[in-house]
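To start, I am sharing the structure in question, which I have written as structure tokens.
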Amino acid sequence: MGEPPQDTPRAAATVQPSQAASVLAAARSFRDAATWFLAEPARLRERAQEQYRALRHWAVHQRLSAMPVEKLRDAGTGGLRIGNLRKAGYDSVGAVAAARPEHLLAVPGVGQATAQHAQQAAWNLAEAAEREMVVRLDPDARPSAQTELIGTLRALQVAEHEVSEQGHTTRAALDEVEALGPLARRATHKARMFFARRRKKDEALSALGRLDTLLAEPRVADINAAFRRVAASTETRDPNSLWLDYEHRAAAYNTKLAELAGSSAEPGGSATGHIPTELEREIRAVPLDTSLLTVTLRGYQDFGAKYAISREKSILGDEMGLGKTIQALATMAHIAAHGRRHFLVVCPASVVMNWADETARHSKLKPYTLHGTMRQHVIRTWLREGGVAVTTFETLQRLRGLDEVRVGLLVVDEAHYVKNPDAKRSRAVADAGSRAERTLFLTGTPMENKVEEFRNLVDYLQPAVAAKVSVQDTLAGATAFRRAVAPVYLRRNQDDVLTELPDKLELEDWVELGPADHAAYRSAVQRSNFMAMRQAAYQTGLQSAKIERLREIVEESRENGWKVIVFSYFLDVLQTVQQAVGEAAMSQPLTGALGPNEKQALVAEFGNRDGHAVLASQITAGGVGLNIQAASVVILAEPQLKPSTENQAIARAHRMGQTRKVHVHRLLAKDTVDQRLMEVLEGKARLFDAYARESAAKLADPAAVDRSYLNADLLHDADVPVDRRIVQVERQRLGLD
């Protein structure tokens with residue numbers, strides 16, 4: 001950046017021609033200083049962006065250097081053979097990305113095609129990392145490059161403030177100086193002044209006098225003071241003072257950094273849940289270690305994990321769809337990175353497999369399901385190896401051995417299940433919490449109007465805070481309530497983080513069939529009845545695992561006042577849904593039996609109903625030709641044979657005119673036709689691989705997760721109709737053929 005010129009001196013009130021040179025010198029000094037001052041914010045912004053890009057480039061380099069070269073197979077267009085590259089020392093993606101092409105070709109066994117494809121795959125990963133990478137300022141490590149960036153951000157804040165205050169005045173004074181300068185300059189030439197006409201002499205002397213007066217005005221003194229403040233802010237400052245200023249004003253720095261980076265480097269404003277500034281500052285200062293995560297956190301999720309770490313015993317009450325599971329996993333990953341090995345999740349049976357899948361998919365932590373007949377065998381493995389144990393409220397009461405380890409974090413999902421402190425499951429959770437270092441309750445149910453229930457939950461965590469919670473805290477509104485209970489409760493709504501969310505949130509809700517559901521499914525497979533297989537998860541009616549999960553989604557939607565549409569291909573399933581949701585259901589399902597006018601009237605009634613409502617719809621009837629923007633939650637009761645069928649149905653709600661984010665929930669039963677259909681439609685076995693890890697499910701039932709039990713060639717044989725493929729594969733898996 002340029003050096004600011006010296007301050008403009010104040011000149012005398014009366015100017016003689018002999019003083020013209022000094023006045024003009026002062027005018028030039030002012031002109032140069034003003035030009036520098038007005039341009040300094042842009043220069044500082046450019047410098048900060050360059051520094052940020054350099055930091056991000058280095059962070060990407062570090063990530064790629066730590067990424068094993070085997071990752072190239074995932075990013076390549078085909079099965080890359082990279083064994084020879086590793087033998088030659090190219091053991092990371094970063095090494096391949098940085099290599100000269102001729103060096104790769106010099107590796108024995110590496111031909112032109114392999115070298116080109118490997119390097120292109122490395123570059124693809126580098127580009128993806130560059131897009132996703134967000135640099136987070138680290139007040140603990142205080143790397144020098146970040147210190148320089150903070151210094152630039154500090155100077156930029158000062159420069160922008162001063163220009164906003166004095167910019168208009170400076171421009172006006174500068175314009176006048178530039179207009180007067182050429183006229184006043186004549187007064188410095190004795191010969192020109194001697195031969196000039198009287199009018200020209202007077203004009204030059206008048207300009208000189210006006211210039212002198214202008215430079216002596218108080219407004220110019222104020223402008224010069226602003227120059228000095230900006231100049232001082234650009235000087236090298238003590239790193240300690242810079243980082244101290246950052247810690248005190250982290251929100252201002254991170255907001256500016258996010259603006260310059262073009263991304264949400266940190267959550268801001270209401271994304272912090274409207275908690276008090278002092279507490280927000282404390283939470284932002286928490287360094288979050290995400291080295292054991294395999295997912296990039298959004299800004300508000302980063303803040304949520306820091307909140308859980310900082311508060312130790314707390315409730316995360318984010319609205320449905322904002323990723324409470326991811327934030328809990330981020331908290332576990334941070335604690336695991338600092339040495340703790342054992343984590344426990346307690347949740348409803350309907351989401352046990354979902355927790356196991358999310359843990360395996362989004363972190364490097366190992367999931368174990370402590371559920372079913374093999375739970376005690378699995379718990380011994382968990383106690384020995386460490387990882388994330390997932391169990392149900394009911395099973396928790398019967399588990400033995402939990403007291404043998406110190407749990408780093410206890411997560412209680414759907415925490416309103418323990419709102420009654422006298423219930424057995426509530427006492428079991430309280431006992432587990434008393435032995436855990438940290439406890440995190442998760443609930444999407446808004447607590448503003450449930451003071452007694454909320455007080456009971458808080459009492460498990462911070463009794464002193466619970467004692468202070470009163471009805472009066474809710475009378476001033478949701479924001480005031482959140483501030484009052486900020487030490488224990490963090491909640492963000494969709495509107496709080498609107499710019500950080502996609503317009504459509506697609507969620508996979510995996511459930512595990514109960515004994516009766518499984519018997520119905522096995523019977524359908526035995527009869528080779530594909531349609532019965534697709535409906536088997538609902539054969540036990542209101543007791544089915546899918547219906548249990550559907551009820552949970554609908555209940556949370558009711559608490560938030562959202563409308564829900566449930567799509568299914570099958571009329572019997574729609575009737576079961578109608579029965580399960582009770583009074584929230586519309587008078588009848590939307591089916592092909594209704595005429596066009598009847599369908600439109602039902603949709604209009606759904607939209608006009610005040611608050612929450614549930615519309616059950618046959619996907620072939622409500623999936624096309626109708627606009628159902630009133631629904632902000634879409635539930636697909638079972639996967640369809642063609643992705644286009646699902647996309648058309650989702651588009652009924654997710655279209656222009658929809659004012660909220662749309663949540664799409666796919667209800668999927670593990671180890672059934674649902675999973676096979678998803679594998680076929682996605683053209684890969686990602687879902688299967690997620691369950692094929694050394695997990696509790698594998699220990700409990702090898703046939704459920706071992707790939708050797710599947711005829712993969714048949715499953716993906718496009719020459720055979722998909723329904724026949726899946727029936728045959730399932731018959732083989734269940735030992736019926």
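If packing is taken as the average count of other Cβ atoms within 10 Å, what order do 347-357, 432-442, 602-612 fall into, highest mean first? Don't skip to the end; give the middle numbers.
Details: 347-357: 23.6, 432-442: 20.9, 602-612: 14.8.
Those peptides, ordered most packed to least, come out 347-357, 432-442, 602-612.
Taking a threshold of 24 Å on the Cα-Cα distance, which of the pairs K364/K424; K306/K366; K324/K419; K313/K419; K313/K546 fall above it? Intermediate values should be presented prior to the final figure.
On the way: K364/K424 33 Å; K306/K366 22 Å; K324/K419 19 Å; K313/K419 16 Å; K313/K546 32 Å.
Correct reply: K364/K424; K313/K546.
If contacts are Cα pairs under 8 angstrom and at least 6 residues apart, what is the relative contact order of the stretch 60-132 in percent? Present the calculation step by step, with values, prior to reporting the outcome.
Working: 86 pairs, mean separation 29.0, N = 73.
After rounding, I find 40 percent.
Hey, rough spin-label estimate for H377 and A532, points 7 angstrom out along Cα→Cβ, what's it come to in nanometres?
If labels sit at H377 and A532, their model points lie 3.1 nm apart.
Using a Förster distance of 45 angstrom, determine the FRET efficiency expected from the C-beta separation of L734 and L292, and round it to 0.05.
On the way: r = 36 Å, r/R0 = 0.81.
About 0.80, to the nearest 0.05.
Let me ask another. For a quick check of your reading of the filter: which trypsin sites (Lys or Arg not before Pro) in the stretch 518-607 sit in a DSSP loop and have no more than 14 other Cβ atoms within 10 Å? Spell out each step's value before the answer.
Details: sites: R522, R527, R534, K546, R549, R551, R558, K563, K599; in loops: R527.
Listed in order of number, the matching sites are R527.
Assuming R0 = 41 Å, can you tell me the calculated FRET efficiency for the pair K424 and A106, based on Cβ-Cβ distance, to the nearest 0.05? Please list the in-between numbers first.
Working: r = 69 Å, r/R0 = 1.68.
Calculated value: 0.05.
Assuming R0 = 60 Å, what is the FRET efficiency of E453 and A179, from their Cβ-Cβ distance, to the nearest 0.05? List each step's numbers first, then the result.
Numbers: r = 72 Å, r/R0 = 1.20.
For E453 and A179, the calculated efficiency is 0.25.
Going by how many other Cβ atoms sit within 10 Å of their own, how do I635, I553 line up, fewest first?
Details: I635 26, I553 22.
Least to most surrounded, the residues fall as I553, I635.
Amide H of A669 versus every other amide H placed in the peptide plane: which residues, excluding those fewer than 5 positions away on the same chain, fall under 5 Å?
V511, D674, Q675
Also, quick follow-up: Taking the Cβ of V351 as the center, what net charge do the other residues with Cβ under 9 Å away carry, scoring Lys and Arg +1 and Asp and Glu -1?
Surrounding charge for V351 is -3.
Through the Karplus equation 6.51 cos²θ - 1.76 cosθ + 1.60, θ set to phi - 60°, convert the phi angles of the stretch 575-591 into ³J(HN,Hα) values in whole Hz; use x for Gly and Pro.
Once rounded to whole Hz, the list reads 5, 5, 4, 3, 5, 5, 8, x, 5, 5, 6, 5, 4, 7, x, 8, 10.
Work out how much length A285 to N608 would gain on full extension: take 0.36 nm times their residue separation and subtract the Cα-Cα distance, in nm to one decimal. Write down the numbers at each step before the final one.
Numbers: separation 323, 0.36 × 323 = 116.28 nm, distance 4.66 nm.
So the extension gain works out to 111.6 nm.
Values quoted throughout were computed directly from the atomic coordinates according to the rules given, and no laboratory measurement underlies them. Keep in mind that what you see is a predicted model, and the values were worked out from it rather than measured. Neighbour counts run over all protein chains shown; Cβ positions are idealised from the backbone, glycine included.
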